[in-house]
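Participant: One structure follows; several queries about it will come next.
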Amino acid sequence: MFTTKELELFKSQNTPFYYYNMELLEQTLQSLTKASQKYNYHVHYAFKANTNHEILELIQSYDLGADCVSGNEVLKAKATNFPSSKIAFAGVGKSDDEINIGLDNDIFCFNCESLPEMEVINELAEKKGKIAPIALRINPNVNAKTHHYITTGLEENKFGINRWELEEVLNKLKVYKNLKLIGLHFHIGSQITDLSAFKSLCLRVNEVQQWFYSHHIIVDHINVGGGLGIGYENPDSNSIPDFESFFDLFNEILELRPKQELHFELGRAVTAQCGSLISKVLYVKKGIKTNFAIVDAGMTELIRPALYQAYHKVENITTDELEIDKYDVVGPICESSDCFGKALYLPITKRGDLVAIRSTGAYGEVLSSAYNLRSKAESIYSSNLNI
Ligand SMILES: *Cc1c(COP(=O)(O)O)cnc(C)c1O
């Protein structure tokens with residue numbers, strides 16, 4: 001739902017563009033920090049969801065940490081004033097240059113994903129005369145019950161260290177003098193709406209902790225990753241995720257040792273609902289069973305439907321037609337997967353109408369490409385509204 005002011009702004013812009021409702025982002029951050037502070041949990045924002053400067057600045061002002069998955073994200077975190085002491089660096093393929101960026105910036109923690117990575121971080125840290133703080137990213141073998149492309153915590157996935165390797169990891173840690181084990185890290189996937197997956201994760205973390213305890217190790221930090229899902233079906237009635245139930249569950253089931261601190265890495269749940277991709281209808285073409293509404297945004301601006309068969313709500317936001325018809329809403333790109341929704345019921349739609357593709361504030365703009373030599377879509381913020 002957009003206000004008259006917003007619609008006026010939309011009509012004056014070149015399409016397609018990303019629109020961000022900064023008030024909603026702010027409300028989301030308030031709700032998130034209120035819920036996490038109840039238990040003194042640390043929340044790191046997963047940069048890869050959206051790295052627009054305006055968005056990062058607002059998130060930083062709420063004192064969240066940064067969860068980075070590339071050297072450039074670490075540099076961007078520093079440039080947006082996230083303190084080094086709150087920057088975690090994950091990723092299964094960190095290059096030497098990227099590890100050096102982390103070391104030079106004295107980040108909070110490297111989330112280490114394999115034995116060979118531990119060896120390299122140790123070597124590079126030794127060259128700099130530094131001790132690298134690491135958390136072991138452990139593959140918990142928990143099914144996130146989400147799309148298989150965004151499931152990361154199964155043994156068949158490339159992420160993390162498997163449990164049968166832990167004995168060797170401990171032996172190596174005795175040898176690698178420039179590593180300091182400070183934490184255990186887990187991340188099971190993304191867009192998880194069934195909280196029972198997080199319950200399974202908690203139970204698995206308890207087991208893993210028990211294993212470490214039996215080897216006389218208690219780490220200072222437990223990091224359970226991100227993945228909290230959002231309501232793509234009803235962005236207006238579910239505009240802010242239920243952070244309270246999420247943290248309550250961890251408080252109830254996860255067994256922390258005295259003084260252990262718990263960390264989360266949320267991306268989608270923070271930024272998804274504040275963004276919409278606004279696009280203009282170029283042509284309406286009659287098909288056999290449906291009509292095609294051909295819009296000026298495509299998979300180059302939003303690849304999630306083509307990549308993960310993701311659902312985004314599509315709305316015609318400028319028509320006053322009451323009658324409805326059936327449409328495939330498709331983009332202009334030369335790929336059949338360039339489709340935002342099939343057989344959608346929309347008000348009678350015509351050339352020049354604006355459509356909003358909702359809940360696109362996470363993994364939307366960041367994944368855009370120049371395929372077909374397309375121009376980069378602009379980003380517009382509600383703060384430009386001069387209310
Ligand atoms: C992507 C990612 C996240 C964030 O996932 P969301 O589903 O956006 O919350 C957190 N941790 C790691 C390691 C990730 O790769």
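Participant: Please give the length that would be gained between Leu249 and Lys158 if that part of the chain were fully extended, namely 0.36 nm times their separation in residues minus their C-alpha to C-alpha distance (nm, one decimal).
Facilitator: Residue separation times 0.36 nm, minus the Cα-Cα distance, leaves 30.0 nm.
Participant: What ranking of Asp296, Asp104, Asp236 comes out by heavy-atom accessible area, probe 1.4 Å, highest first?
Facilitator: Greatest to least solvent exposure: Asp104, Asp236, Asp296.
Participant: List the relative contact order of the chain as a percent without decimals, with contacts defined as Cα pairs under 8 Å and 6+ residues apart.
Facilitator: 20 percent
Participant: Can you put His187, His53, His216 in order of accessible area, largest first, using a 1.4 Å probe?
Facilitator: His216, His53, His187
Participant: Using a 7 Å offset from the Cα along the Cα-to-Cβ direction at both Tyr283 and Asp63, what is the distance between the two label points in nm, to one decimal?
Facilitator: 5.6 nm
Participant: Scan around Ala46 for amide H atoms under 5 Å from its own, H built in the peptide plane at 1.01 Å from N, and keep only partners 5 or more places away or cross-chain.
Facilitator: Those lying under 5 Å, H to H, from Ala46 are Asp67, Leu266, Gly267.
Participant: Give me the lysines in straight-line cross-link reach of Lys313: C-alpha distance below 16 Å, same-chain residues under 8 apart excluded.
Facilitator: Within the straight-line cut-off, Lys313 pairs with Lys280, Lys326, Lys342.
Participant: OK, next. So how do 121-129, 7-15 stack up, highest first, on mean other-Cβ count within 10 Å?
Facilitator: Highest-to-lowest ranking by the protection proxy: 121-129, 7-15.
Participant: Once the piece of chain linking Lys376 and Tyr345 is laid out straight, how much longer is it, given 0.36 nm per residue of separation minus the C-alpha distance between them?
Facilitator: The span from Lys376 to Tyr345 would gain 8.2 nm if fully extended.
Participant: Among DSSP beta bridges lying fully in region 23-272, give the percent that are antiparallel, nearest 5.
Facilitator: Given both bridge residues lie in region 23-272, the antiparallel proportion sits at roughly 5 percent.
Participant: Kindly write out, for region 279-286 in residue order, the coupling ³J(HN,Hα) from the Karplus curve 6.51 cos²θ - 1.76 cosθ + 1.60 (θ = phi - 60°), rounded to whole Hz, with x marking Gly and Pro.
Facilitator: Residue by residue, region 279-286 yields 9, 9, 7, 8, 9, 10, 10, 6 Hz.
Participant: Quick one: compute the contact order of region 208-321, relative version, from alpha carbon pairs under 8 angstrom and 6+ residues apart, as a percent.
Facilitator: Computed over region 208-321, the figure is 26 percent.
Participant: Taking R0 as 22 Å, what FRET efficiency do you get between Leu7 and Ser336 from their Cβ-Cβ distance, rounded to the nearest 0.05?
Facilitator: My answer for the efficiency is 0.10.
Participant: Please report how far the C-alpha centroid of region 1-55 lies from that of region 232-294, rounded to the nearest whole angstrom.
Facilitator: Each part's Cα centre sits 11 Å from the other's.
Participant: Could you run the Karplus curve 6.51 cos²θ - 1.76 cosθ + 1.60 with θ = phi - 60° over region 67-78 and give me ³J(HN,Hα) per residue in whole Hz, x for Gly and Pro?
Facilitator: 10, 10, 10, 7, x, 5, 5, 4, 5, 5, 4, 4
Participant: While we're here: Once you have a ≥ b ≥ c as the square roots of the Cα gyration tensor eigenvalues for region 65-149, tell me rounded if a/c is under 1.5, and otherwise prolate or oblate according to whether a/b is larger than b/c.
Facilitator: Oblate, since a/c reaches 1.5 and b/c is not below a/b.
Participant: Considering only Cα-Cα distances, which of the following residue pairs are longer than 23 Å: Lys78/Lys376; Lys11/Lys350; Lys86/Lys376; Lys11/Lys376; Lys48/Lys86; Lys127/Lys172?
Facilitator: Lys78/Lys376; Lys86/Lys376
Participant: Would you please give the FRET efficiency between Phe292 and Gln37, computed as 1/(1 + (r/R0)^6) with r the Cβ-Cβ distance and R0 = 41 Å, to the nearest 0.05? Walk me through the numbers before you get to the answer.
Facilitator: Details: r = 49 Å, r/R0 = 1.19.
With R0 = 41 Å, the Cβ-Cβ based efficiency is 0.25.
Participant: Can I ask one more? Have a look at the DSSP beta bridges in region 95-225 and tell me what percent are antiparallel, nearest 5.
Facilitator: So the antiparallel bridges in region 95-225 amount to around 5 percent.
Participant: Based on DSSP H runs of at least 4 residues, each adding -39500 (n - 2.57), what is the mean residue ellipticity at 222 nm of the chain after dividing by all its residues, to the nearest 500 deg cm²/dmol? Don't skip to the answer; put the middle values down first.
Facilitator: On the way: 11 runs with 113 residues, N = 387.
So the calculated ellipticity at 222 nm is -8500 deg cm²/dmol.
Participant: While we're here: Rounded, prolate or oblate for the chain? Axes are the square roots of the Cα gyration tensor eigenvalues, ordered a ≥ b ≥ c, and the cut-off for rounded is a/c under 1.5.
Facilitator: In terms of gyration-tensor shape, prolate.
The values are calculated or read from the model by the stated rules, or taken from the named source; none is laboratory data. Bear in mind the structure is a predicted one, so any value in this text is a computation, not a measurement. Cβ coordinates were reconstructed from backbone atoms using ideal geometry, including for glycine residues, and neighbour counts include every protein chain displayed. With ligands, DNA and RNA removed, areas are computed over all heavy atoms of the protein, side chains included. Shrake-Rupley method; radii C 1.70, N 1.55, O 1.52, S 1.80 Å.
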